[in-house]
Structure formats: structure tokens, C-alpha cells
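Comments concern the structure below.
The values are calculated or read from the model by the stated rules, or taken from the named source; none is laboratory data. Everything quoted here is computed from the prediction, not taken from an experiment. Cβ coordinates were reconstructed from backbone atoms using ideal geometry, including for glycine residues, and neighbour counts include every protein chain displayed. All accessible areas refer to the heavy atoms of the entire protein, side chains included, with ligands and DNA or RNA removed. Shrake-Rupley method; radii C 1.70, N 1.55, O 1.52, S 1.80 Å.
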Amino acid sequence: MRRLDKRFESTIGALGARWGIASETSFRNALAGILTESFGVEVLNLTLYDHEGEVFGRPDQVELDLIIKNGLTIACEIKSSIDKAGMYIFDRKVNFYARHHQRQIERKIVISPMVDDRARPVAEALGIEIYSYADAVEGL
């Protein structure tokens, strides 16, 4: 019974992870399409390489979404869920990009239906705006 329970949990977890990735990509594509086609905004999904390990503590790829209009640059993170560590990582990604490309980031935005409560004060301290399902429900 325990083996079946673990297998069931593992299968559900894998399905949830795939759903999260697919949802993030779908939302990212829709947002880019709407902003580009209807508002003339440039939307970039960048994949940079951090040779020095500034972001993750070791050399690795760094992915970042940018929205650019008339020189205004907004960094955006679209996640199916985000916790406290995720907020810190997003901030490091933004700082990495700004430093290496000598570009000021005017706004940092996280879009996620599930934001850990402990991540909210971190976001506030780092100047990260959050758009979340929980915020919409609270406003009803």
C-alpha cells in the first residue's frame, strides 16, 4: 500500500510539474503576443550564461523575460509557484542582466498564482511587484 501511495504521489507530482511548465510557457507566449502585436512593445526571452556563478553560486544559464517600450525596461518572472528563495534568485537575475548589459531595470514583476507568504516581504524589500491569484481573490 505504501509503495502504491508513493508511486501515486510521484506521478501526481510529475504531472503537476509538467502542467506548471506548460502553463508558464503558454502565459509567456500569450503575453508576448498581446504586448507585441497590440501595443508595439518588445518582449524578449533571454538566455544568458553566467560564467562567474553570480546568480546561482556556480556557472549556469540565466533565463530572463524583458518587456521594453520607449527605453523603459521591465523584468518579468512568470512562475507556476514561487517561494522566498525564488524571489532572491529573480532579483539576482535582474541585477546580473543590468550589470552586464549596462541597462537600468525600471520595474521587476513576478506573475504567479501561488506565492508563498514568506516570499511577499522579500519581494517588498527587493522592490518586486507581485501579480497573483491570491491578490485577486482577496480583492473580491
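Probe 1.4 Å, all protein chains in place: accessible area of Lys84 in Å², nearest 10?
Surface accessible to solvent at Lys84 totals approximately 100 Å².
Is there a quick way to get the dipole size of the stretch 30-140? I mean about its Cα centre, with the Cβ of Lys and Arg at +1 and of Asp and Glu at -1; what is the value in debye to the nearest 20?
It works out to roughly 200 debye.
Under a point spin-label approximation (7 Å from Cα along Cα-to-Cβ), what is the Leu72-Ser38 distance to one decimal in nm?
1.7 nm
To the nearest 0.05, how large is the calculated FRET efficiency for Lys84 and Leu46 if R₀ is 30 Å and r is the Cβ-Cβ distance?
Efficiency for this residue pair is about 0.80.
So, counting K/R as plus one and D/E as minus one, what does the shell of residues with Cβ under 10 Å around Leu35 add up to?
Once all neighbours under 10 Å are counted, the net charge is -1.
Taking the Cα-to-Cβ direction at Ala22 and at Arg99 and moving 7 Å from each Cα, how far apart do the two end points lie in nm?
About 3.8 nm, to one decimal.
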